[in-house]
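Okay, structure first, notes after.
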Amino acid sequence: MFFLFPIIYWIYSNAFILLISLFTYFVSKQIYNEYEMRKKLPPGPLGLPFVGYLPFLKSEPSKVFVQLAKKYGPVFGIQLGSCPVVVLNDWPSIKEAFSDESALARPKDNLFTALLPPGFGTMSGDVWKEQRRFALHQLRNLGFGKTSMEDHIIDEINHLSKEIDKSIGQAFDLRTLLPISVSNNINSLTFGRRFDYTDPRKQMMDEFFKPDPSVNLAGILSFFPKLGGFVFRNLTFLLPSTLRNVRVRLEEIRTMMKTEHDNHAQTLDKNNNRDYFDAFINEMQKSSNGEKTTFNYDMLEGNTLLLFGAGSGTVLTTLEWSLVILAAYPQIQQHIQKEIDEVIGKERSPNFADRNQMPYLQAFMYEVWRFRTLTPINLPRYASKDMVISGFKIPKDTQIMANFWAIDNDPNLWENPSQFRPERLLSNDLKTFKKPEHLIPFSYGKRSCPGEILGVVETFLYLSSLLQKYDINANHKTDTSLEYEFQFSITPKQSPNISFAKRVHN
Ligand code: HEM
């Protein structure tokens, strides 16, 4: 025993040197690993040890990437946090990558996988395929682009119109009323019915999905998958209160979903699915009969949250931008109204089939999606196998970031891309809407947005119904600002200050 004393004494007196040596060893090992990782990626900028290029992205990563692409080419490698990333900045590389099965996966660890029940939006491989195929199938069966879903949406717009009528000529509370209207469309899809605007269950759900700047922090932490996952799971007290509260609020939503589940299960009809819940519960029952499937209660919760998260904010931001732009460009507004008057008239409600005779409104919608790219760097993908993009070898497990903003603002694809001009999406005689292949608000390939048709139907019906009844005005000249803010999405910087006036039909 006594023979250990000199060793302990030595360790004790040299503890500081030991600590420094250990620290130097780990830092050098990390720098070496990062160097080795960078060597395997296409050329790109060097960053700092541990954090990579993350601190240099500032608030508008897409724009920084475009600058870097000028130096390194449209496909470059970069280290973000502890992740090797390849950034794609032009249409040919994005098209090539997204046509390849190896680029269909999502990164394993992120905020959503750590905090929420599993939904297919964060999954990869066979479970993702099965759940996504099922969702697409159900969305089609439940009336995606068919009349039943359209009826729900028109009904919802009529409820919104009643609120608008109360505020004619005054500032309209867009950031309160529009979100609760739009999210009700997902309620119709998942639960088969809308909720009243004052229903506390609805208010709780809308509160949960409210965009919050702390999502940016969560985004940053997702570039440190191990650390981020550990913090999200075990050190929640270090997170901002909004993220910390997610867990608490999630429990309330879970209670509500359980009640919905039980109500649906009691009134289930095997041969007639009223909504996504019915369809999913029917599948779960097959599995309880011994069939091996991935349909279970956790997955139902996760997918429902996913449909809410992915399907409400996107349409909401589209409509917010549309209204701000319509207020800023009254001539464009009048042009759409003329088209509405000619095709739909003033009596009947619009339907989705009307769009075929309304090229200008369609061009307007897609120009909004181009002009203010909704998902500027898309949702993250990662290479599930070694692959090749634009001649560069991309190793397995590299994150793939597609800079959609770069395509939407590429001067080689669009004349004066910073101008808002729906005509660029019309034929020369202005009679036909033409969407070029590289205009991809819903992404591209097998993992593109499964809610595309619903997103287009909603946007078309809201805009045509509102412009049929109302003129949209900016409350002050300064409220026609098209200034934006990069969060997860590109959103209007200020809450749009607009008012509605009843249209006077001649
Ligand atoms: C204007 C409306 C919308 C836009 C611009 C939009 C855009 C997108 C984009 C860019 C993606 C990422 C695809 C990728 O990884 O490459 C996505 C994914 C997704 N969207 Fe949408 N979306 C919209 C509306 C909707 C709606 C209404 C729903 C719900 C029904 C929905 C559900 C989803 C889901 C579930 C995913 C994940 C798909 C997967 O990982 O397989 N989206 N969306």
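The values are calculated or read from the model by the stated rules, or taken from the named source; none is laboratory data. Since the model is a prediction, treat every value here as computed from it, not as a measurement. Because the Cβ atoms are built from the backbone with ideal geometry, glycine has one as well, and the counts that use them run over all protein chains shown. Heads up: the accessible areas ignore ligands, DNA and RNA and are worked out on the full protein's heavy atoms, side chains in. Shrake-Rupley method; radii C 1.70, N 1.55, O 1.52, S 1.80 Å.
Are there any pairs, at least 6 apart or on different chains, whose C-beta atoms fall under 9 Å, with the first in the stretch 186-212 and on the phi > 0 side of the Ramachandran plot and the second surrounded by fewer than 16 Cβ atoms within 10 Å (Cβ to Cβ), and if so, which?
none
Scan 314, 318 and give me the residue that is open to solvent by less than 30 Å² (accessible area, probe 1.4 Å), within 13 Å of the ligand (Cβ to nearest atom) and touching a residue at least 40 places away in the same chain (Cβ under 8 Å).
318
If you go through the stretch 104-112 one residue at a time, do you hit one that is in contact (Cβ under 8 Å) with a residue 60 or more places away in the chain, assigned to a loop (DSSP other than H, G, I, E, B) and either open to solvent by 80 Å² or more (accessible area, probe 1.4 Å) or over 30 Å from residue 305 (Cα atoms) (or both)?
Checked the stretch 104-112: at least one residue is in contact (Cβ under 8 Å) with a residue 60 or more places away in the chain, assigned to a loop (DSSP other than H, G, I, E, B) and either open to solvent by 80 Å² or more (accessible area, probe 1.4 Å) or over 30 Å from residue 305 (Cα atoms) (or both).
Condition first: within 16 Å of the ligand (Cβ to nearest atom), open to solvent by less than 20 Å² (accessible area, probe 1.4 Å), outside any loop (DSSP other than H, G, I, E, B) and not basic (Lys, Arg). Can you find one or more residues in the stretch 224-245 that meet it?
No, the stretch 224-245 contains no residue that is within 16 Å of the ligand (Cβ to nearest atom), open to solvent by less than 20 Å² (accessible area, probe 1.4 Å), outside any loop (DSSP other than H, G, I, E, B) and not basic (Lys, Arg).
Does the stretch 2-23 contain at least one residue that is open to solvent by 50 Å² or more (accessible area, probe 1.4 Å), among the aliphatic types (A, V, I, L, M), touching a helix residue (DSSP H, G or I) at 6+ places or on another chain (Cβ under 9 Å) and in a loop (DSSP other than H, G, I, E, B)?
Checked against the condition, which is being open to solvent by 50 Å² or more (accessible area, probe 1.4 Å), among the aliphatic types (A, V, I, L, M), touching a helix residue (DSSP H, G or I) at 6+ places or on another chain (Cβ under 9 Å) and in a loop (DSSP other than H, G, I, E, B), the stretch 2-23 yields no hits at all.
Any idea which of (1) away from the ligand (no atom under 16 Å from the Cβ); (2) open to solvent by less than 30 Å² (accessible area, probe 1.4 Å); (3) touching a strand residue (DSSP E or B) at 6+ places or on another chain (Cβ under 9 Å) is the one residue 278 doesn't satisfy?
Evaluating residue 278 over (1) away from the ligand (no atom under 16 Å from the Cβ); (2) open to solvent by less than 30 Å² (accessible area, probe 1.4 Å); (3) touching a strand residue (DSSP E or B) at 6+ places or on another chain (Cβ under 9 Å) leaves (3) as the failure.
Of the residues 395, 359, only one is open to solvent by 10 Å² or more (accessible area, probe 1.4 Å) and within 30 Å of residue 336 (Cβ to Cβ); which?
Just one listed residue meets the conditions, 359.
Test residue 188 against the stated conditions and say whether it is buried (at least 21 other Cβ atoms within 10 Å of the Cβ), closer than 20 Å to residue 304 by Cα, small (Gly, Ala, Ser) and more than 10 Å from the ligand (Cβ to nearest atom).
Against the criterion (buried (at least 21 other Cβ atoms within 10 Å of the Cβ), closer than 20 Å to residue 304 by Cα, small (Gly, Ala, Ser) and more than 10 Å from the ligand (Cβ to nearest atom)), residue 188 qualifies.
Looking at 425, 379, can you tell me which residue is crowded, with 21+ Cβ neighbours inside 10 Å and either aromatic (Phe, Trp, Tyr) or farther than 23 Å from residue 39 by Cβ (or both)?
425
Which residue is modelled with the highest pLDDT, if the candidates are limited to the stretch 251-274 and must be assigned to a loop (DSSP other than H, G, I, E, B), of a type outside the set (D, E, K, R) and surrounded by 14 or more Cβ atoms within 10 Å (Cβ to Cβ)?
Result: 268.
Count, please, the residues in the stretch 435-479 that happen to be among the aliphatic types (A, V, I, L, M), assigned to a helix (DSSP H, G or I) and within 14 Å of the ligand (Cβ to nearest atom).
Residues meeting the conditions: 6.
Mind checking which pairs have a first residue in the stretch 367-391 that is closer than 27 Å to residue 125 by Cβ and among the acidic types (Asp, Glu) and a second that is open to solvent by 50 Å² or more (accessible area, probe 1.4 Å) and part of a loop (DSSP other than H, G, I, E, B), Cβ under 8 Å, 6 or more apart or different chains?
Partner pairs satisfying both residue conditions: 386/396.
Kindly list, by first and then second residue, each pair from a residue in the stretch 416-428 that is farther than 18 Å from residue 334 by Cβ to a residue that is surrounded by 12 or more Cβ atoms within 10 Å (Cβ to Cβ) and small (Gly, Ala, Ser), limited to pairs with Cβ atoms under 6 Å and residues at least 6 apart or on different chains.
425/363
Pick out the one residue from 212, 196 that is modelled with pLDDT of 85 or more, out of contact with any strand residue (DSSP E or B) (no Cβ under 8 Å at 6 or more places or on another chain) and within 27 Å of residue 160 (Cα to Cα).
Going through 212, 196 in turn, the sole match is 196.
If you go through the stretch 480-506, how many residues are within 16 Å of the ligand (Cβ to nearest atom) and open to solvent by less than 40 Å² (accessible area, probe 1.4 Å)?
5
Only one of (1) open to solvent by 50 Å² or more (accessible area, probe 1.4 Å); (2) within 16 Å of the ligand (Cβ to nearest atom) is not met by residue 305, so which one is it?
(1)
Does any residue of the stretch 355-362 turn out to be assigned to a loop (DSSP other than H, G, I, E, B) and either farther than 30 Å from residue 76 by Cβ or touching a Phe, Trp or Tyr at 6+ places or on another chain (Cβ under 9 Å) (or both)?
Within the stretch 355-362, one or more residues are assigned to a loop (DSSP other than H, G, I, E, B) and either farther than 30 Å from residue 76 by Cβ or touching a Phe, Trp or Tyr at 6+ places or on another chain (Cβ under 9 Å) (or both).
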